[in-house]
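See structure below.
The values are calculated or read from the model by the stated rules, or taken from the named source; none is laboratory data. It should be emphasised that the depicted structure is a prediction, and the values quoted were computed from it without experimental measurement. Note: ideal-geometry Cβ built from the backbone for every residue, glycine included; neighbour counts use all protein chains shown. Side chains are part of the model used for accessible areas, which takes the heavy atoms of the whole protein and leaves out ligands, DNA and RNA. Shrake-Rupley method; radii C 1.70, N 1.55, O 1.52, S 1.80 Å.
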Amino acid sequence: MSQPPPHREKDAAMSSAIARQLQTSLSTTSTPLPSLAWLHSLLSTRSQPLPPLASLLATVRARLLAADLTSKNLLDDGYAQSHSFPPQLAQTQATAPAGAAGAAGSGRGRGGGGGAGTGGASRETRLSHDVIVQVLDIQDISRPRWEQVEQLEALARGEGTRGREVIRLPVGGGGEEDGEEEDGGGAVVVQDQGGRGGRGGGGGGGGQGANDGPPTSNAPAAPRQPGPRGATHSLLLQDPQGQTLRALELKPVPRLGLGSTHIGEKMLLKAGTPVARGVVLLDPASCVVLGGKVEAWHRAWAEGRLERLRRDAGAPPSSSGGGGMMTPAATGG
């Protein structure tokens with residue numbers, strides 16, 4: 001049997017050395033630690049000579065944050081086992097009563113007063129080690145479901161809000177229309193929510209004068225609207241072993257919220273993070289938002305969010321349908 005050319009052996013040895021160097025460098029960061037097999041596979045797709053180490057590290061980090069943590073051979077086996085939830089925590093949530101997430105945060109609200117709850121059922125523990133997770137679902141539990149439905153339906157019509165004014169978001173080319181005034185940012189003021197006319201009309205008019213229909217197919221999507229300040233979020237988190245736990249935001253966590261958090265985004269839960277009745281309790285000191293997104297998961301989640309909110313609010317499904325969710329969150333709650 002013929003031997004591989006010497007230069008190929010040299011390239012393979014160099015790739016192995018670079019893979020180990022990349023793994024060593026990543027082990028000192030909060031980024032999930034990839035397996036050597038995954039790194040070898042990634043490096044094999046790159047043309048020779050390989051780019052500088054800093055460029056490779058940036059590529060590896062971006063690929064990891066966009067991947068499913070439960071994928072086979074993605075993470076180092078030892079890392080995946082040591083950075084997963086203890087099995088008993090997942091079992092605790094599986095047997096927790098409905099509404100445990102809200103109950104877990106009672107007495108531990110944003111003001112910080114009080115204890116973890118009352119009674120023996122409110123047992124609290126803390127993570128003994130760091131845990132790497134990905135976000136499968138996020139909900140705003142501080143606002144009524146129907147209020148969120150109305151907001152999403154307004155955005156679907158190409159409308160948004162600014163203070164008390166309803167504005168029509170830019171959904172295509174074109175200039176000003178009768179009874180409307182375009183502000184410096186390109187948004188068109190339609191009507192004050194208090195019943196007054198548009199800013200440019202000087203009063204009197206009660207009609208919107210805006211196109212209430214959906215945007216045309218070639219129109220750009222409306223910009224994502226960040227969630228309101230002070231909102232409380234509930235999340236569904238998944239570790240590398242596929243175990244899922246609910247999480248509750250006790251204090252505002254930077255980069256965490258509707259409009260800023262993506263499905264598939266990675267987070268690091270630090271050792272010492274409290275867990276009450278199977279619900280992880282989040283605050284800025286207990287977790288690090290690493291970023292990332294699993295594109296297919298996030299698209300399916302966003303497309304089905306309106307129908308899920310309508311269902312939870314007890315409203316009939318809209319004519320568009322599409323309430324399904326093609327992410328692991330569909331099986332996690």
**Report entry** First in the range 59-79 and farther than 17 Å from residue 290 by Cα and in the same structural domain as residue 237 (by TED's automatic domain parsing), second anywhere and surrounded by 15 or more Cβ atoms within 10 Å (Cβ to Cβ) and at pLDDT below 95, Cβ under 7 Å, 6 or more apart
**Finding:** none
Requested in this report: Would you be able to say whether some residue in the range 299-310 is under 18 Å from residue 143 (Cα atoms) and either open to solvent by less than 20 Å² (accessible area, probe 1.4 Å) or assigned to a loop (DSSP other than H, G, I, E, B) (or both)?
Outcome: yes
Requested in this report: May I ask you to list pairs of residues, at least six apart or on different chains, whose Cβ atoms are under 6 Å apart, with the first in the range 233-254 being touching a residue at least 24 places away in the same chain (Cβ under 8 Å) and buried (at least 20 other Cβ atoms within 10 Å of the Cβ) and the second being in a strand (DSSP E or B) and of a type in the set (Gly, Ala, Ser)?
Outcome: 235/247; 237/247; 248/234
Query raised in the report: When residues of the range 43-86 are filtered for being in a helix (DSSP H, G or I) and surrounded by fewer than 18 Cβ atoms within 10 Å (Cβ to Cβ), how many remain?
Result: 13
Query - Residue in the range 313-331 that is modelled with pLDDT under 85, touching a Leu at 6+ places or on another chain (Cβ under 7 Å), surrounded by 21 or more Cβ atoms within 10 Å (Cβ to Cβ) and outside any helix (DSSP H, G or I) present - result: yes
